[in-house]
Amino acid sequence: ARAALKMLGVQRGWRIADIGCGNGVLATEAALMGAEVDAIDISPAMLALAEIYARDRKAPVRTQSAGLLSFAYRPESYDLIVSEFTLHHLPDFWKAVALARIFAALKPGANFYLRDIVFVSMPDGVDRDVEQWADFSIKNHDFERENVVTHMRDEYSTFGWVIERMLTDIGFTLESVDYHAPLHGTYLLRKPKPEHQQS
């Protein structure tokens, strides 16, 4: 978490939202770096863990019980928004709504750091049942077959190229894309400044 925040250039006084904050590690690290942090999660259990984690480290983190579709925000108020392994819980229509809300919440020129479970490419062949997809996705990697099949059956991961198109259609500039595993995508995105503000 600390390495990611350093890479993102977090500065004292930044307003940051971690949407789907889980146990609060990244939110706490950001607060300890001097940022003003909103840790947001839809799970009461995860939010409770995040509160304990932040309190134990004396990090001033605000928590909000909400998700990608319901988090409260002032337009153009965040210097950075982070969301890790949360977006795949939404079908594509609602992914687009969530991403548009994130875009609206960011200041012009600010970044969105997204990591999620995505399908990076397609296996060959016409007959693509879930078992074949699982074989393709876990080949040469240390994923449990049962977990992969359950995820593909019950959750809403989509293709990397679908996510990329969704993000750029909403208005984000793709700064970098990293598909470092067959089921992981990491995206660094920027909300462009209006033409007259660019320097």
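Some values worked out for this structure:
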item	result
Shape of the range 1-107, Cα gyration tensor, a/c cut at 1.5	oblate
Segment D169-W94, extension gain: residue separation times 0.36 nm, minus the distance between their alpha carbons	25.6 nm
By average C-beta atoms within 10 angstrom, highest first, the peptides 104-114, 88-98	104-114, 88-98
Residue-level accessible surface for T168, protein heavy atoms, 1.4 Å, Å²	60 Å²
Approximate shape of the range 43-103 as ellipsoid semi-axes (Cα gyration tensor, √5λ), whole Å, largest first	24, 15, 9
Helix runs (DSSP H) in the chain reaching 30 Å along axis by Cα, Kyte-Doolittle at least 1.6	none
Whole-number D in µm²/s for the chain (Stokes-Einstein; Kirkwood sum over Cα pairs; 10 °C, 1.306 mPa s)	90 µm²/s
Environment charge at L49 (Cβ cut-off 14 Å; Lys +1, Arg +1, Asp -1, Glu -1)	-2
Neighbour net charge for Q64 - beta-carbon separation under 12 angstrom, K R +1, D E -1	-3
Value of [θ]222 nm, deg cm²/dmol, for the chain, DSSP H segments ≥ 4, -39500 (n - 2.57) each, nearest 500	-10500 deg cm²/dmol
Over 30 Å between alpha carbons, listed pairs K139/K193; K58/K191; K6/K139; K139/K191; K58/K107; K6/K107	K139/K193; K58/K191; K6/K139; K139/K191
Apportionment of accessible area to carbon and sulfur, the chain, percent (1.4 Å)	52 percent
Local electrostatic count, L174, Cβ distance below 13 Å [Lys/Arg +1, Asp/Glu -1]	-1
Per residue accessible area in Å² of the chain, where ligands, DNA and RNA are left out and the probe is 1.4 Å	52 Å²
Restricting the range 1-87 to trypsin sites (Lys or Arg not before Pro) in coil, as DSSP defines it, with at most 10 other Cβ within 10 Å	R12, K58
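The values are calculated or read from the model by the stated rules, or taken from the named source; none is laboratory data. This one's a predicted model, so the numbers in the text were calculated from it and none came from an experiment. Neighbour counts are summed over all protein chains in view; Cβ atoms, including those assigned to glycine, are modelled from backbone coordinates with ideal geometry. Surface areas here come from the heavy atoms of the whole protein model, side chains and all, with no ligands, DNA or RNA. Shrake-Rupley method; radii C 1.70, N 1.55, O 1.52, S 1.80 Å.
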